[in-house]
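Asks: Handing you this structure, nothing more for now.
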Amino acid sequence: MSDTTSQPVSQQTSRNLFQQLELDMRLLGMIGAFVILCIGFNIFTDGRFLTPRNLFNLTIQTVSVAIMATGMVFIIVTRHIDLSVGGLLAVSSAVMAITQTDILPTALGLGFDHPLIWVVTIFAGLAVGTLIGALQGWLVGYHAIPAFIVTLGGFLLWRNVGWFMTDGQTIAPLDATFLKLGGINGTLGEFWSWVIGAIAAVLSVWGLWMGRKSRAAHGFHVKPMWAELTVMGIVAGAILGFVAVLNAYHIPSRKLKRMFEARGEVMPEGLEVGYGLPISVLILIAVAVVMTVIAKRTRFGRYIFATGGNPNAAELSGINTRLLTVKIFALMGFLCALSAVVASARLSSHTNDIGTLDELRVIAAAVIGGTALSGGLGTIYGAILGALVMQSLQSGMAMVGVDAPLQNIVVGAVLVFAVWIDIQYRKRLGTK
Amino acid sequence: MARNPHRNAGETPLVEMKDISISFGGVKAVDHVSVDLHPGEVVGLLGHNGAGKSTLIKILSGAYAMDSGEIRVNGNKVEIHTPRDARAQNIETIYQTLALADNLDAAANLFLGRELVTPFGLVDDAAMESECRKIMGRLNPNFRKFSEPVSALSGGQRQSVAIARAVYFNAKILIMDEPTAALGPHETQMVAELIQQLKAEGIGIFLIDHDVHAVMELCDRASVMKNGQLVGTVEIDDVTDDDLLSMIILGKKPGEAAA
Ligand SMILES: Nc1ncnc2c1ncn2[C@@H]1O[C@H](COP(=O)(O)OP(=O)(O)OP(=O)(O)O)[C@@H](O)[C@H]1O
Ligand SMILES: [Mg+2]
């Protein structure tokens with residue numbers, strides 16, 4: 001045991017206060033870039049960018065791509081690619097649109113806005129997405145067709161399968177409960193947002209503490225107590241700050257008045273009510289937590305990264321890499337369908353072009369977030385931050401009034417630049 | 001075949017590979033080869049580059065499926081189709097290529113495919129690192145890089161991780177494909193001691209090594225291959241370095257011309 005502690009001590013002298021916090025430098029870098037971006041846009045929009053209203057909208061616009069980006073991390077980590085996520089989103093959305101507006105209310109006679117409709121609909125959509133994903137994964141894993149080809153086929157195929165299902169028509173209105181999952185039409189309100197925020201803050205602090213205890217129990221190096229407490233404070237503060245921002249965006253008084261009238265009540269004069277956490281954001285947070293646990297703490301996740309690092313070694317260690325591929329693509333399909341719920345609910349309709357170009361946004365988000373196309377490297381939080389950065393760039397430029405062609409030029413350049421930075425960073429760290 | 005005096009006559013071998021063949025395309029990488037291994041015995045596999053040594057043992061470790069032949073463990077015919085099957089027979093392998101996932105740390109590689117889990121079924125990294133520190137303390141006390149990915153390790157350090165992985169899980173049959181190729185003299189000596197120790201515990205070891213002196217020192221018998229075929233199996237006590245060398249180079253058993 002003595003030799004395990006001798007090493008860190010000798011390094012300690014050369015460490016400055018900042019290093020002692022042992023923060024993830026990549027995470028910090030991305031957050032830094034995001035903050036600079038926000039401040040920059042805020043200056044150019046005369047303070048319109050960093051308003052609760054815009055931050056709220058930015059958040060709900062990011063959800064759909066961010067959910068898929070977490071799945072894309074696993075795909076790219078195992079040295080595959082999925083070009084079909086936009087198409088998969090569209091076909092899942094089509095299935096759900098038909099299920100909730102036609103099959104369940106009319107064919108099965110449940111009537112419109114029956115309380116079961118949204119549940120069954122989502123279940124059907126998720127099942128279809130998962131199955132299609134599994135099918136693609138089976139072609140890649142068991143038949144050794146390159147994922148690029150299988151999903152390029154899927155890119156052309158699935159959206160148009162959706163087109164045939166709906167005859168290319170836009171489908172609306174959707175089920176009232178289903179619409180709550182899209183963003184602004186389904187928020188928790190101030191009180192419950194604070195409750196959830198407080199629970200999340202407590203859980204994160206508890207998680208950090210347990211991690212520390214477990215390392216200490218084995219006699220491994222732990223960071224100094226003050227550093228641990230500082231990190232806990234930052235994390236809890238960030239969570240509560242996020243809730244505060246979403247709560248600060250108030251429901252417009254006219255809309256609020258109508259909501260009261262709908263319930264047959266009179267709105268008290270001067271009442272201010274914040275939106276709070278959108279349900280769609282809660283879904284994203286749940287996905288992020290589950291996917292992070294999968295990546296870091298489950299065998300499935302361990303095998304994903306091992307296979308990405310050295311497929312041969314993974315197989316020699318008894319890992320069934322073919323089945324693993326099926327599972328990864330099935331998970332991607334599931335997440336595409338989940339995104340389809342959020343996206344179609346946010347737009348209040350199913351249109352045939354829903355999720356167009358999402359495959360590129362999703363891949364870009366994962367890659368900007370530090371997922372290496374050479375495999376074996378990538379993080380869930382990185383992909384989500386990547387999605388947020390992409391969305392901020394796009395909304396910010398639109399607010400500033402940058403022309404559409406120039407917007408695309410900037411996004412393209414940023415993608416390449418971000419990957420270049422990442423490569424430089426890894427070089428300096430000495431890892432590949 | 002002459003029997004080693006300290007091996008009981010008629011004792012069931014730990015492993016028998018009988019009449020094994022495999023070809024890749026037109027190349028007969030292993031051509032009707034039979035070898036066996038007894039408990040507490042070290043059998044050296046020798047031969048020039050491309051003789052088929054690694055291919056032969058990869059059949060035993062489940063990495064390749066043989067075209068024909070039979071494998072027996074403790075006298076019972078076994079089907080080994082995947083590395084998992086081999087592990088189930090307590091066969092552990094140190095591959096020539098080491099087979100490490102470069103992006104994972106030493107502990108994750110040590111337990112790859114057999115992770116320690118918490119009561120909730122989540123992988124228990126702290127427990128694995130702790131076990132990893134224990135075994136590395138035995139095999140390579142200078143090893144310190146427990147939290148870096150193994151891509152940051154030296155060739156020898158990587159090799160000790162691969163050795164640790166084969167030794168940790170209480171193998172009964174150990175396959176070592178050039179285990180000391182990247183090791184310094186001191187580390188090589190430690191592996192030699194490890195082999196003696198495992199042998200004393202009754203483990204059977206197939207050792208592939210190009211160093212004839214090491215084979216003479218560590219092995220009880222040696223099987224020599226050439227161009228995918230078995231030249232012959234000899235008792236180490238009956239032969240000299242030169243005999244082994246001529247078997248490798250000329251592909252003839254000593255005294256074969258005379259007999
Ligand atoms: N996966 C494969 N595909 C095609 N040919 C192979 C494959 N593996 C081995 N071979 C061929 O089989 C023959 C035996 O190779 P093998 O790796 O068993 O040799 P070796 O005795 O271990 O040599 P070395 O001492 O160089 O490690 C060689 O001709 C090699 O080219
Ligand atoms: Mg070899």
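Asks: Averaged across the residues of B:114-125, what count of C-beta atoms belonging to other chains lies within 10 Å of each residue's C-beta?
Replies: Details: counts 3, 4, 0, 3, 2, 0, 1, 3, 7, 7, 3, 7.
Counting other chains' Cβ atoms within 10 Å and averaging over B:114-125 gives 3.
Asks: May I ask you to give the average projected area over all directions of the convex hull of the Cα atoms of region A:187-277, in nm² rounded to one decimal? Numbers along the way, then the final one.
Replies: Numbers: hull surface 28.6 nm².
That works out to 7.1 nm², a quarter of the Cα hull's surface.
Asks: Evaluate peptide B:90-103: per residue, the Cβ atoms of other protein chains within 10 Å of its Cβ; return the mean as an integer.
Replies: Taking the mean over all residues of the peptide, I get 4.
Asks: Tell me which lysines have Cα within less than 21 Å of B:Lys226's Cα, excluding those fewer than 8 residues away on the same chain?
Replies: B:Lys18, B:Lys28, B:Lys53, B:Lys58, B:Lys252, B:Lys253
Asks: For the pair A:Val195/A:Phe300, report the inter-label distance in nm, with labels modelled 7 Å from Cα in the Cβ direction.
Replies: About 3.0 nm, to one decimal.
Asks: What are the residues of region A:190-225 that lose 30 Å² or more of accessible area, with a 1.4 Å probe, going from their chain alone to all protein chains?
Replies: A:His218, A:Phe220
Asks: A further question on this structure: In whole Hz, what ³J(HN,Hα) sequence does region A:339-346 give by Karplus (6.51, -1.76, 1.60; θ = phi - 60°), x for Gly and Pro?
Replies: 5, 5, 4, 5, 5, 6, 5, 5
Asks: Would you calculate the separation in nanometres between label points at A:Leu203 and A:Trp163, each defined as 7 Å from the Cα along the Cα-to-beta-carbon direction?
Replies: 4.2 nm
Asks: Along the charge dipole of region B:133-259, pointing to its positive end and built from +1/-1 on Cβ of Lys, Arg, Asp and Glu, which listed residue (B:Val239, B:Leu250, B:Leu139) has its Cα farthest out?
Replies: Checked the options; the winner is B:Leu139.
Asks: Something else about it: Would you work out the charge dipole size for region B:67-177 about its Cα centre, treating the Cβ of every Lys and Arg as +1 and the Cβ of every Asp and Glu as -1, and quote it to the nearest 20 debye? Please list the in-between numbers first.
Replies: Details: 13 positive and 14 negative charges, 81 e Å.
In total the dipole reaches around 380 debye.
Asks: Which ³J(HN,Hα) values, rounded to whole Hz and listed in residue order, are derived for region B:155-165 from phi using the Karplus coefficients 6.51, -1.76 and 1.60 in 6.51 cos²θ - 1.76 cosθ + 1.60 with θ = phi - 60°, glycine and proline given as x?
Replies: x, x, 5, 5, 5, 5, 5, 5, 5, 4, 5
Asks: Sticking with this structure for a sec: Enumerate the aspartates and glutamates that B:Lys199 could reach by cross-link, defined here as Cα to Cα under 16 Å, with residues fewer than 8 away along the same chain left out.
Replies: Answer for B:Lys199, where 16 Å is the Cα cut-off: B:Asp36, B:Glu41, B:Glu92, B:Glu217, B:Asp220, listed by chain and number.
Asks: Can you give me the long-range amide H partners of A:Gly274? Hydrogens built in the peptide plane at 1.01 Å from N, cutoff under 5 Å, separation of 5 or more residues or another chain.
Replies: A:Glu190, A:Ile251
Asks: Count the lysine pairs in chain A whose Cα atoms lie under 18 Å apart, taking only pairs 8 or more positions apart in sequence or on different chains. Don't skip to the end; give the middle numbers.
Replies: Values: A:Lys180/A:Lys255; A:Lys213/A:Lys223; A:Lys213/A:Lys296; A:Lys296/A:Lys327.
Lysine pairs satisfying the spacing and distance rule in chain A number 4.
Asks: Round to a whole number: what % of the accessible area of chain B belongs to carbon and sulfur, probe 1.4 Å? Each step should come with its number before you reach the end.
Replies: Numbers: 5510 of 11010 Å².
Percent of accessible area from carbon and sulfur atoms in chain B: 50.
Asks: Okay, moving on. Subtract the Cα-Cα distance of A:Val293 and A:Ala107 from 0.36 nm times their separation in residues, and report this length gain in nm to one decimal.
Replies: Details: separation 186, 0.36 × 186 = 66.96 nm, distance 4.08 nm.
Taking A:Val293 through A:Ala107 to full extension adds about 62.9 nm, to one decimal.
Asks: Could you give the distance between the Cα centres of region A:384-432 and region B:35-86, to the whole Å?
Replies: Answer, in whole Å: 52.
Asks: Using a simple charge model, +1 on the beta-carbon of Lys and Arg, -1 on the beta-carbon of Asp and Glu, nothing else, what dipole does the protein assembly as shown show about its Cα centre, in debye to the nearest 20? Don't jump to the answer; show the numbers that get you there.
Replies: Numbers: 52 positive and 56 negative charges, 318 e Å.
So the dipole magnitude of the protein assembly as shown works out to roughly 1520 debye.
Asks: At the nearest 100 Å², what buried accessible area, both sides summed, do you get for B and A when the probe is 1.4 Å?
Replies: On the way: alone 12230 and 21790 Å², together 31520 Å².
Adding both sides of the contact gives about 2500 Å².
Asks: List every residue whose amide H lies under 5 Å from the amide H of B:Met225, counting only residues 5 or more places away in sequence or on a different chain, with H placed 1.01 Å from N in the peptide plane.
Replies: Hits under the 5 Å cutoff: B:Leu46, B:Gly47, B:Val231.
Asks: Let me ask you something else. Within 10 Å of each Cβ of A:303-312, how many other protein chain Cβ atoms are there on average? Kindly include the intermediate steps, with their values, before the conclusion.
Replies: Working: counts 4, 0, 4, 9, 1, 3, 11, 12, 1, 5.
Partner-chain Cβ atoms within 10 Å, mean over residues of A:303-312: 5.
Asks: Would you be so kind as to identify which of B:Ile163, B:Leu112, B:Ala127 lies farthest towards the positive end of the dipole of region B:103-169, taking Lys and Arg as +1 and Asp and Glu as -1 on Cβ and the Cα centre as origin?
Replies: Farthest towards the positive pole: B:Ile163.
Asks: If you count only protein heavy atoms with a 1.4 Å probe, what accessible area per residue comes out for region A:187-277, rounded to a whole Å²? Don't skip to the end; give the middle numbers.
Replies: On the way: 5460 Å² over 91 residues.
Heavy-atom SASA per residue in region A:187-277 reads 60 Å².
Asks: Just the number, please: carbon plus sulfur as a percent of the accessible area of region A:187-277, 1.4 Å probe, no ligands or DNA/RNA counted. Can you show the working numbers first?
Replies: Details: 3810 of 5460 Å².
Answer for region A:187-277: carbon and sulfur cover 70 percent of the accessible area.
Asks: Search the structure for amide H atoms under 5 Å from the amide H of B:Val30, placed 1.01 Å from N in the peptide plane, and list their residues when 5 or more places away or on another chain.
Replies: So B:Val30 has HN proximity to B:Ile22.
Asks: Report the calculated FRET efficiency for B:Val27 and A:Asp403 (r = Cβ-Cβ distance, R0 = 56 Å), to the nearest 0.05.
Replies: 0.35
Asks: Could you check the spin-label model distance between B:Thr240 and A:Leu156? Points 7 Å from the Cα along Cα→Cβ, value in nm.
Replies: For the pair B:Thr240/A:Leu156, the computed spacing is 7.3 nm.
Asks: Further question: Round to the nearest 10 and give me the degree value, 0 to 90, for the angle of helix B:241-250's Cα axis relative to the longest principal axis of chain B.
Replies: Value to nearest ten degrees: 80.
The values are calculated or read from the model by the stated rules, or taken from the named source; none is laboratory data. Quick caveat, the model's predicted, so the values are computed rather than measured. Because the Cβ atoms are built from the backbone with ideal geometry, glycine has one as well, and the counts that use them run over all protein chains shown. All accessible areas refer to the heavy atoms of the entire protein, side chains included, with ligands and DNA or RNA removed. Shrake-Rupley method; radii C 1.70, N 1.55, O 1.52, S 1.80 Å.
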